[in-house]
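Take a look at this one; I'll ask things after.
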Amino acid sequence: MLSGGLEFLDGDRTFTAVAGDFICVPRGVRHRFKNVAIHAARMLFMFTPAGVEQVIADYGLAALPGQVSPPFGGPGDAEPSAAMVRNARAVDLPDPR
């Protein structure tokens with residue numbers, strides 16, 4: 001984390017990372033992050049092996065100053081996200097069954 005703080009989900013564990021923290025999420029582990037504060041946060045991503053970052057470049061939306069991002073994780077969010085990943089062919093999703 002470069003500045004600010006973000007809430008992370010790593011597997012089944014949720015925690016807050018702050019400036020100076022390093023988070024490593026192994027491949028295949030369920031994860032997400034979100035800003036639960038009112039201030040901006042900055043972080044540096046490193047992907048190994050490379051390729052996954054193209055999904056963010058192709059489908060990510062830029063944060064807009066002063067605006068809250070749309071809610072995610074509600075009904076109907078799973079299929080559009082899965083379709084995005086399938087189309088990008090850069091990430092393998094586990095079978096949800």
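The values are calculated or read from the model by the stated rules, or taken from the named source; none is laboratory data. Predicted, not measured: the structure shown is a model, and the values here were computed from it. Cβ atoms come from the backbone with ideal geometry, glycine included; neighbour counts cover every protein chain shown.
Among the residues of segment 2-54, write down those that are of a type in the set (S, T, N, Q), surrounded by 10 or more Cβ atoms within 10 Å (Cβ to Cβ) and more than 21 Å from residue 64 (Cα to Cα). Outline the logic, then answer.
Residues of segment 2-54 of a type in the set (S, T, N, Q): 3, 14, 16, 35, 48, 54.
Within this subset, residues satisfying the condition of being surrounded by 10 or more Cβ atoms within 10 Å (Cβ to Cβ) are 3, 14, 16, 35, 54.
Correct list: 14, 16.
For every residue, the table says whether it meets (1) out of contact with any Gly (no Cβ under 8 Å at 6 or more places or on another chain); (2) not in a loop (DSSP other than H, G, I, E, B).
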| residue | (1), (2) |
| --- | --- |
| 1 | no, no |
| 15 | yes, yes |
| 28 | yes, no |
| 38 | yes, no |
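Something else about it: Are any of the residues in segment 37-49 out of contact with any Asp or Glu (no Cβ under 9 Å at 6 or more places or on another chain) and modelled with pLDDT under 80?
yes
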